[in-house]
Amino acid sequence: MIVRTLESAEKTARRIISPDGNWESTRLLLKDDAMGFSFHITTIYRGAEFQMHYQHHVEAVYCIAGEGEVETVEDGKVYPVAPGTLYNLNKNDKHILRAFEELKLACVFNPPLNGTEVHNAEGAYELDAETISE
Ligand code: 9YT
């Protein structure tokens with residue numbers, strides 16, 4: 001069995017701070033854990049607005065706290081994000097996330113992230129990022 005706490009994981013390399021200043025994420029489960037998915041607790045900073053396009057992953061995002069919205073770029077649809085909302089990028093949807101208040105999100109990626117991924121120019125994660133296994 002794998003047991004970890006957010007408090008202790010935040011003090012390790014599992015805590016990734018995005019170079020663009022929009023978010024940080026503590027990656028509690030990663031590819032090396034062999035669960036078939038990765039699981040992250042992500043903070044989107046208040047006022048952040050940025051585009052992502054996970055071309056190689058599907059992602060489920062559950063809002064624990066905060067207020068914001070997510071827009072699918074292809075059709076311009078806007079969905080409120082509030083505590084209890086689950087949005088799912090089941091079609092590798094290009095999307096824009098806006099945080100009106102700091103957002104606390106639980107995120108699941110399939111395939112699992114290796115650990116060190118940050119968004120590339122298209123807002124995607126590459127599949128060959130360095131692995132975190134501690
Ligand atoms: C909601 C979202 O995708 N935010 C970007 C960070 C990501 N969840 C991650 O890498 O943990």
#### Entry: For segment 65-82, 3J(HN,Hα) per residue [Karplus equation, 6.51 cos²θ - 1.76 cosθ + 1.60, θ = phi - 60°, Hz, x = Gly/Pro]
7, x, 9, x, 8, 10, 10, 7, 5, 4, 10, x, 6, 10, 10, x, 10, 8
### Task
Between beta-carbons, use under 13 Å as the cut-off and find the net charge around Tyr79, counting Lys and Arg +1, Asp and Glu -1.
-3
### Query
Dividing the convex hull volume of the Cα atoms of the chain by its residue count, what figure in Å³ per residue is obtained?
104 Å³
## Note on the structure
Expected vector for segment 117-131, Karplus 3J(HN,Hα) from phi with 6.51, -1.76, 1.60 and θ = phi - 60°, integer Hz, x for Gly and Pro, equals 4, 10, 5, 7, 4, 8, x, 10, 9, 6, 7, 10, 5, 5, 8
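Read the figures in this text as sums done on the coordinates, not as results from a lab. The structure presented is a predicted model; accordingly, all values stated were derived computationally and were not measured. Every residue, glycine as well, gets a Cβ built from its backbone with ideal geometry; the counts of neighbours run over all protein chains shown.
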